[in-house]
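What follows is a set of notes on a single structure, which appears directly below.
The values are calculated or read from the model by the stated rules, or taken from the named source; none is laboratory data. Given the structure is predicted, the values throughout are model-derived calculations rather than measurements. Cβ placement follows ideal geometry from the backbone for every residue including glycine, while neighbour counts extend to all protein chains displayed.
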Amino acid sequence: MKDKDVFTYLIGGKAGEGVKKAGAAATSLFLDLGREAFQMDDYQSLIRGGHNFSVVSTSTREIYSHHMEVDLIVNLDERSRDIHEGHLAEDGLMFYNSDDSGEKDDGIGLPLGDMAKEYSKPDLIKGVAGVAVLAACNGMDQKDLKELIEKEYSRGVEENLSFGVEVYEEVDKKIDKTFELEEGKSESTVLTGNESLSLGAAAGGLDMYIGYPMTPASSILHLFAGHKDKLQVLPIHPENEIGVANMAVGATVPGARVMVGTSGGGLALMEETVSLAGMTEAPVLFVLASRPGPSTGVPTYTEQADLNFALNQGHGEFPLIVASPGSVKEAFFLSNEMLELVWKYQTPGIFLTEKHLSESAKTLDIDLDSLDDDPLETKMAAEDEEYKRYEKTEDGISPLKFPPAEDLIQWNSYEHDEMGYTTENAETVEEMHDKRREKNETLILELKEMNTVNEFNEGDTVIFTFGSTTMSVREALKFADVDAKIVQPVYLNPFPVWELEEYMGEDAVVVEQNSTGQLATLLREKCRIKPKTVIRKYDGRAFEPRELAAKIEEAIK
Amino acid sequence: MKFDDLDVESEIENTWCPGCGNFGLLNSVKQAVKKLEDEGIGRDIMLISAGIGCHGKIFDYLNIGGLYSIHGRESATIQGMKFANPELKVMAFGGDGDAYGEGLSHLIFAAKRNADITMIVHNNGNYALTTGQKSPTSVQGFKGPSSPEGSVNEPINPLRVLLSSDAGFVARGYPGKMQHLTDLIVEAVKHEGFSLVDVLQPCVTFNDTYEKYNELVEVLEKPAETRKEAVELAEEEERLPIGILYKEEMPVYNEKVYPEGNPVEDRMDREERLEAVKKILDEKR
């Protein structure tokens, strides 16, 4: 087992049995071993019951996705055993709750129900069994297990320790082999995508975060609420998404750097305000954390069906910046960068991501020194000059001024003149359209100097992908016998045609998580790239790396 | 342009109908702003917002900074300004369609959280700019292009709604009593916390209520002692009491949530920010 490239651990059970926490504790254990890990939580839109699982894949190399070929499975109930039995790898170990499943031929039964009922929270404590099984199977001693429980389960630690040790001893008696994972050299941090993008924005000088709960964006609001004093980013949770977006636009008038976050349905409510931000030239960064639609859809799962929705936000014409990170780490640097861009260009931006990146956790190393210490400048008005909010300039960007001020500063949702007074004058209407378009042209010049497209690996065939699926493709290529290069446009609007022109006419493969092939269409329309094969997935689940590898091989060979 | 060179009223051509109740309202606002300036609350620290409709044109007619918002969202927009910099004094203008229809939820929650904003509603009982359809405050039987047989809705009583939403300052004014309205606006802006001034605004074109209001409007001597009594005042139909119906000092939102801070004035510098982020990253190890 020692040389295995990827080791995967899975714990499954009902909501309320501490499944997600056990996954996080497993990730922490792998981190302590100096290993890299990727944790994906699969949960339903309910609070109690149902079926949840947390799957963590670990390696001594960087790992970009969870796998579903599982080496160690802990099932806290019979439903979990039923669902995950088929995921067990050859040589894998499977534990099950014999109090729920009865004695079975396959796997190792543990009387978890009986053992847990002695404790004050017999449901919730079951999750601790997951960690105890992992520790025992990995050949760790009790002392290490206790340390881990103390670190990860500090609330009610006495009971957790006692239950953990009980399970550990039971497992120890029943297994005749251990995995003993090789230690790695990583000194990583572990972050979810939402944590990463939030901290990136905070590092970039975010002043306020405004949000209304909606999966999978809610944890951004929770992070800022929980770290209000540390980060000094004011968190606000108003009455609805429309309130969110309009408060955000208002907050930019006195100069607050503000970000909002939601999922597709919430952004649909905010869309009128995206257009308001375009017209008033209000720099607001909108995080769109996607989930399967249409409508309520499948709220706690993943899909990339909101690409077109993001690209086409807002009625009327105005510069709109849309970008999507291809890794949890990139989320940090991209939110930081986009905050600077929306301020420099005084226009709305959409940070597009999906549940799979928002809520999955990955080991990563964020080097704060690599942040540009000379950020893009926001154009400010000179103190003594006559101020006009929408002054015409060569680059289309008008200088900003914030109250308190002795000057009249008017932002206007109506078409307006340079002073910000409403106008219906034909000439002014045209001039202001030109001004906003010139701003977009300046933005494109800026993007041409920036990294707007990521490339990974080398090869004759080009695989296009974007967002969280980039992680799936990178992991899949570790298992596919092909020579392929991954091309991931980070910026999706303005679309970096200048970087992608070289692929014009290419027989490319496109991988994306939606049913109609929205990225493929975009590539065809903007760059005349002819996708030979579009590998799609739209069942709400992220690609499984080996399954995707097989599909890529089939497409290329 | 500097405020020193700008009158409170702008030089933009006024396109309200001759005789519109909005003229009296605009005059009251102008006088109120001048009074506030005399008391040290200058336009340099003042911001306004407005919704969309006839009322919204006041944004162009006033030389006060701010953001001309979209229909119904003025109360959300103005809260964003206030929360970003609590030093500022802010006023939002809305119509009855904006404030009591499209954006009612924002208004209720602004009162509930006691955001320190002043909301002035040009309540003319119809959607005038879109040619006179029924509005949330139209009386039953109101005939407009969308209700040719007469509105069947029971109208919203905005004062009662806001009183039940725990608003700390609820007032009603009438442009026919301009000086009185001016004083109400001054008091509303100076009140620390949410304040509503519902203005009975006759619309000469689609809902001419001058005669009715001139007959029924009666200046209140003093606010009600209790919220319950204020609701009774709001429900009166035989006469229309104007003035402050209810006033109560309560802790304001920004002081409850961030008593010390000001998001745009008290920022951490770059190094402090990175240090704060680093600490959280280290906790995730």
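Points worth noting:
- Within the stretch A:328-368, the set of residues being small (Gly, Ala, Ser) and away from chain B (no Cβ under 14 Å) comprises A:349, A:358, A:360.
- Elements of the type helices (runs of 4 or more DSSP H) sitting completely within the stretch A:92-157 and holding at least 1 residues that are within 16 Å of residue A:74 (Cβ to Cβ) and out of contact with any strand residue (DSSP E or B) (no Cβ under 9 Å at 6 or more places or on another chain): these cover A:112-116, A:126-137, A:142-152.
- Single residue of A:250, A:255 found to be at the interface with chain B (Cβ under 9 Å from one of its Cβ atoms), modelled with pLDDT of 95 or more and surrounded by 24 or more Cβ atoms within 10 Å (Cβ to Cβ): A:250
- Residue identified as without any contact (Cβ under 8 Å) to a residue 60 or more places away in the chain and either outside the structural domain of residue A:19 (by TED's automatic domain parsing) or not in a strand (DSSP E or B) (or both) among A:47, A:63, A:83: A:47
- Within the stretch A:290-333, if we keep just the residues that are of a type in the set (Asp, Glu) and over 24 Å from residue A:205 (Cα atoms), the residue that is nearest to the chain's Cα centre (by Cα) turns out to be A:303.
- Among the conditions (1) within 14 Å of another protein chain (Cβ to nearest Cβ); (2) farther than 24 Å from residue A:243 by Cβ; (3) among the aliphatic types (A, V, I, L, M), the only one that residue B:104 does not satisfy is (2).
- Within the stretch B:3-22, considering residues that are surrounded by 11 or more Cβ atoms within 10 Å (Cβ to Cβ) and of a type in the set (Val, Ile, Thr), the one nearest to residue B:129 (Cα to Cα): B:12
- Residue A:307 being touching a Leu at 6+ places or on another chain (Cβ under 7 Å) and either at pLDDT 95 or above or not assigned by TED's automatic domain parsing to the domain that holds residue A:493 (or both): yes
- Taken over the stretch A:395-414, the criterion of being surrounded by fewer than 18 Cβ atoms within 10 Å (Cβ to Cβ) and either touching a Cys at 6+ places or on another chain (Cβ under 6 Å) or more than 10 Å from every other protein chain (Cβ to nearest Cβ) (or both) is satisfied by A:395, A:399.
- Of the residues making up the stretch A:377-394, those that are within 14 Å of another protein chain (Cβ to nearest Cβ) and touching a Ser or Thr at 6+ places or on another chain (Cβ under 8 Å) are A:388, A:389, A:390, A:391.
- Within the stretch A:200-237, the set of residues being part of a loop (DSSP other than H, G, I, E, B) and among the β-branched types (Val, Ile, Thr) comprises A:215, A:233.
- Pairs where the first residue, in the stretch B:191-216, is within 20 Å of residue B:245 (Cα to Cα) and the second is outside any loop (DSSP other than H, G, I, E, B) and of a type in the set (D, E, K, R), C-beta under 6 Å, 6+ apart: B:198/B:172
- Test: residue A:276 is in the same structural domain as residue A:362 (by TED's automatic domain parsing), within 21 Å of the chain's Cα centre (by Cα) and not in a loop (DSSP other than H, G, I, E, B): no
- None of B:279, B:284 is within 14 Å of chain A (Cβ to nearest Cβ) and crowded, with 18+ Cβ neighbours inside 10 Å except B:284.
- Evaluation of residue B:130 against the conditions (1) part of a loop (DSSP other than H, G, I, E, B); (2) touching a strand residue (DSSP E or B) at 6+ places or on another chain (Cβ under 8 Å) shows that the sole unmet condition is (2).
- Some residue of the stretch A:337-358 being part of a loop (DSSP other than H, G, I, E, B) and farther than 15 Å from residue A:436 by Cα: no
- Top-ranked residue in the stretch A:224-247 [being surrounded by 22 or more Cβ atoms within 10 Å (Cβ to Cβ) and more than 9 Å from chain B (Cβ to nearest Cβ); ranked as farthest from residue A:290 (Cα to Cα)]: A:224
- Among the numbered conditions (1) away from chain A (no Cβ under 12 Å); (2) closer than 30 Å to residue B:134 by Cβ, the only one that residue B:57 does not meet is (1).
- Top-ranked residue of the stretch B:251-264 - restricted to ones that are at pLDDT below 95 and loosely packed, with under 14 Cβ neighbours inside 10 Å, ranked as farthest from the other protein chains (Cβ to nearest Cβ): B:259
- Residue that is surrounded by the most Cβ atoms within 10 Å (Cβ to Cβ), among those in the stretch A:522-551 that are over 29 Å from residue A:8 (Cα atoms) and touching a residue at least 40 places away in the same chain (Cβ under 8 Å): A:523
- The stretch A:268-296, residues that are of a type outside the set (Ser, Thr, Tyr) and free of Cβ contacts under 8 Å to residues at least 60 places away in the same chain: A:268, A:269, A:270, A:271, A:272, A:293, A:294
- Condition check for residue A:557: in contact with a Phe, Trp or Tyr (Cβ under 9 Å, 6 or more places away or on another chain), among the charged types (D, E, K, R) and either surrounded by fewer than 23 Cβ atoms within 10 Å (Cβ to Cβ) or touching a residue at least 24 places away in the same chain (Cβ under 8 Å) (or both): no
- When residues of the stretch B:87-113 are limited to those that are surrounded by fewer than 24 Cβ atoms within 10 Å (Cβ to Cβ) and in contact (Cβ under 8 Å) with a residue 60 or more places away in the chain, the one nearest to the chain's Cα centre (by Cα): B:89
- The listed residues are A:88, A:93, and the only one of them that is over 30 Å from the mean Cα position of the chain (by Cα) and assigned by TED's automatic domain parsing to the domain that holds residue A:53 turns out to be A:93.
- When the stretch B:131-176 is filtered for residues that are within 19 Å of residue B:21 (Cα to Cα), touching a residue at least 40 places away in the same chain (Cβ under 8 Å), surrounded by fewer than 20 Cβ atoms within 10 Å (Cβ to Cβ) and among the β-branched types (Val, Ile, Thr), only B:131 remains.
- For the stretch A:415-425, the candidate set comprises residues that are of a type in the set (S, T, N, Q) and more than 9 Å from chain B (Cβ to nearest Cβ); within that set, the residue that is surrounded by the most Cβ atoms within 10 Å (Cβ to Cβ) is A:423.
- Of all the residues in the stretch B:3-26, those that are touching a residue at least 60 places away in the same chain (Cβ under 8 Å), away from every other protein chain (no Cβ under 11 Å) and over 16 Å from residue B:92 (Cα atoms) number 7.
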